[in-house]
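Notes to accompany the following structure.
The values are calculated or read from the model by the stated rules, or taken from the named source; none is laboratory data. Because the structure is predicted, anything quoted here is derived from the model rather than measured. Here Cβ is always computed from backbone atoms with ideal geometry, including for glycine, and neighbour counts include all displayed protein chains.
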Amino acid sequence: MAKSNDPSNPEELVKYIASCLVENVDKIDIETVEEDNKTILKLTVDETDKGKIIGKNGKIAKSIRNVLKLASTKDNNKYILEIT
């Protein structure tokens, strides 16, 4: 069952995942920086929600990065997630 707001690129994908995890959805911001053949996605969330994005021992952040790694195989670009 697909929703109409399904993510179509890695930036939207990270924003979608983050919006499912945090309480303050309106404070999610993603800055994209292009370098050579890699794209850095800088995810900023409310300070109170940062722990929900990182997770215990960084497990959720690692999982988001793994999803981005899979997305990178589709368009031959490396995506790096930075949580600020």
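The table for this structure:
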item: Total residues in segment 2-27, condition farther than 20 Å from LYS74 by Cα and either within 10 Å of the chain's Cα centre (by Cα) or in contact (Cβ under 8 Å) with a residue 60 or more places away in the chain (or both); result: 2
item: Test: residue in segment 33-44 that is surrounded by fewer than 14 Cβ atoms within 10 Å (Cβ to Cβ) and either part of a helix (DSSP H, G or I) or hydroxyl-bearing (Ser, Thr, Tyr) (or both); result: no
item: Output for segment 28-61, where each listed residue is of a type in the set (Asp, Glu) and closer than 21 Å to LYS78 by Cα; result: ASP29, GLU31, GLU34, GLU35, ASP36
item: Top-ranked residue of segment 45-84 - restricted to ones that are among the polar types (S, T, N, Q), touching a strand residue (DSSP E or B) at 6+ places or on another chain (Cβ under 8 Å) and not in a helix (DSSP H, G or I), ranked as surrounded by the fewest Cβ atoms within 10 Å (Cβ to Cβ); result: THR84
item: Positions within segment 1-32 being assigned to a loop (DSSP other than H, G, I, E, B), surrounded by 14 or more Cβ atoms within 10 Å (Cβ to Cβ) and modelled with pLDDT of 90 or more, in sequence order; result: VAL22, ILE28
